[in-house]
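Reviewing the structure listed below.
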Amino acid sequence: MGSNCVIESMGSNNQERRRVGLIYDERMCKHSTPDDEDHPENPNRIKVIWDKLNASGIAQRCVVLDAKEAEDKYLALVHSKNHIDLIKNISSKKFDSRRNKTASKFNSIYFNGGSSEAAHLAAGSVTEVAEQVAKGKLDSGFAIVRPPGHHAEESEPMGFCLYNNVAIATSFLLNERPELGIKKILIVDWDVHHGNGTQKMFWKDPRVLFFSVHRHEFGSFYPGGDGGSYTMIGEGPGTGYNINVPWENGRCGDADYLAVWDHVLIPVAKEFDPDMIIISAGFDAEKKADVSLRARRSSCRGHIELESKEESSSSFLRFFTAFEVGRGSGLWPPFLF
Ligand SMILES: [Zn+2]
């Protein structure tokens, strides 16, 4: 556990203070492309954020947590044994000669000697922040982690994602820490890509409302297919607990985004009444992000409004954000919630 600093509530005239957690560890920067070739998912994505938070004095006002590696038994809540074994061992010497070949079998995946440790730290750190928020030791938090997670499926890394960090943390609270009283979790995935992995992991689970807004282009945009369609609503007891808002055409802006929040997400969230909200936060829809991904022309101010809408619509403050895949390195908007 780091410093005990807290952030004062914005606009508050009294001494009400909020404890905002941050988690970051440089070891997550050791995961990089094998030959250091350029790649949108690179160590600078989190390093720039961390440096900016420190330079601006924000980090010093937060509770900085120590990163943790995820334990196998918690990874196994959403991933198969084969998958865990692969990610655990992929950075070992015995994989040196076939690491690249193994990566090439997957969709948009690279591995190097730092991948295993970084993946375990990312999953464990998101889980750590979630647990501290659930315990009430933090009011909210931000996990600055990589590799990202929302594309990772039960038995398959994909889309730069090795473990599904948010799904692991969600399942951990619901199944391993029932005494903390988190019975319903709302996952808001605002990355420009659909969170295919997270959707599948809670497809039949009414305890988790998965909401994703993403570029879809009638199934032609990554990860492709019908998975991100609005017709995908869950199954069995989970029917109605999966909501996709697919952008079929690019260049949507803040107004479109806010309309979805006002007319879809917030009303549903109020009715669902979750005990915690977890944001799967990719910022690849930002105006300044990779030009090929500008499905939405969302702005920094737009993201601030979205987060404040989510928070103010809740009767609780158990709320945190996990950094997801984003291609605009260092473009994280400078705000905390
Ligand atoms: Zn993305």
Inset, instruction - At 0.36 nm per residue, minus the direct Cα-Cα distance, what do Lys93 and Lys81 gain on full extension? Give it in nm, one decimal, please. - result: 2.3 nm
Legend entry - Charge dipole (debye, nearest 20) of region 16-323; +1 at Cβ of Lys and Arg, -1 at Cβ of Asp and Glu: 420 debye
Inset, instruction - Filter the cross-link list Lys68/Lys135; Lys30/Lys94; Lys184/Lys270; Lys183/Lys270; Lys47/Lys73 down to pairs whose alpha-carbon distance in this structure exceeds 21 Å. - result: Lys47/Lys73
Legend entry - Calculated over region 101-181: convex hull of Cα atoms, volume per residue (Å³): 86 Å³
Legend entry - Residue-span extension gain [Gln60 to Asp226] - 0.36 nm each, minus C-alpha spacing: 55.4 nm
Inset, instruction - Can you tell me the dipole magnitude for region 4-140 around its Cα centre, using point charges on the Cβ only (Lys, Arg +1; Asp, Glu -1), in Debye to the nearest 20? - result: 300 debye
Inset, instruction - Take the Cβ-Cβ distance between Glu37 and Glu176 as r, set R0 to 45 Å, and report the resulting FRET efficiency rounded to the nearest 0.05. - result: 0.70
Inset, instruction - May I ask you to derive the FRET efficiency for His263 and Asn44 from their Cβ-Cβ distance with R0 = 41 Å, giving the value to the nearest 0.05? - result: 0.65
Inset, instruction - Calculate the dipole size of region 67-134 relative to its Cα centre from +1 charges on Lys and Arg beta carbons and -1 charges on Asp and Glu beta carbons; express the result in debye to the nearest 20. - result: 500 debye
Legend entry - Considering only region 16-323, percent of DSSP beta bridges that pair antiparallel, nearest 5: 5 percent
Inset, instruction - Determine the distance separating the Cα centre of region 191-263 from the Cα centre of region 89-140; give it in Å without decimals. - result: 25 Å
Inset, instruction - Please give, to one decimal in nm, the separation of the simple spin-label points placed at Ile233 and Arg17, each 7 Å out from Cα toward the Cβ. - result: 4.8 nm
Legend entry - Residue-span extension gain [Glu154 to Glu26] - 0.36 nm each, minus C-alpha spacing: 43.4 nm
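Coordinate-derived values only; no laboratory data. This is a predicted model, so every value here is computed, not measured. For neighbour counting, all protein chains shown are included, and Cβ atoms are generated from backbone atoms with ideal geometry for every residue, glycine included.
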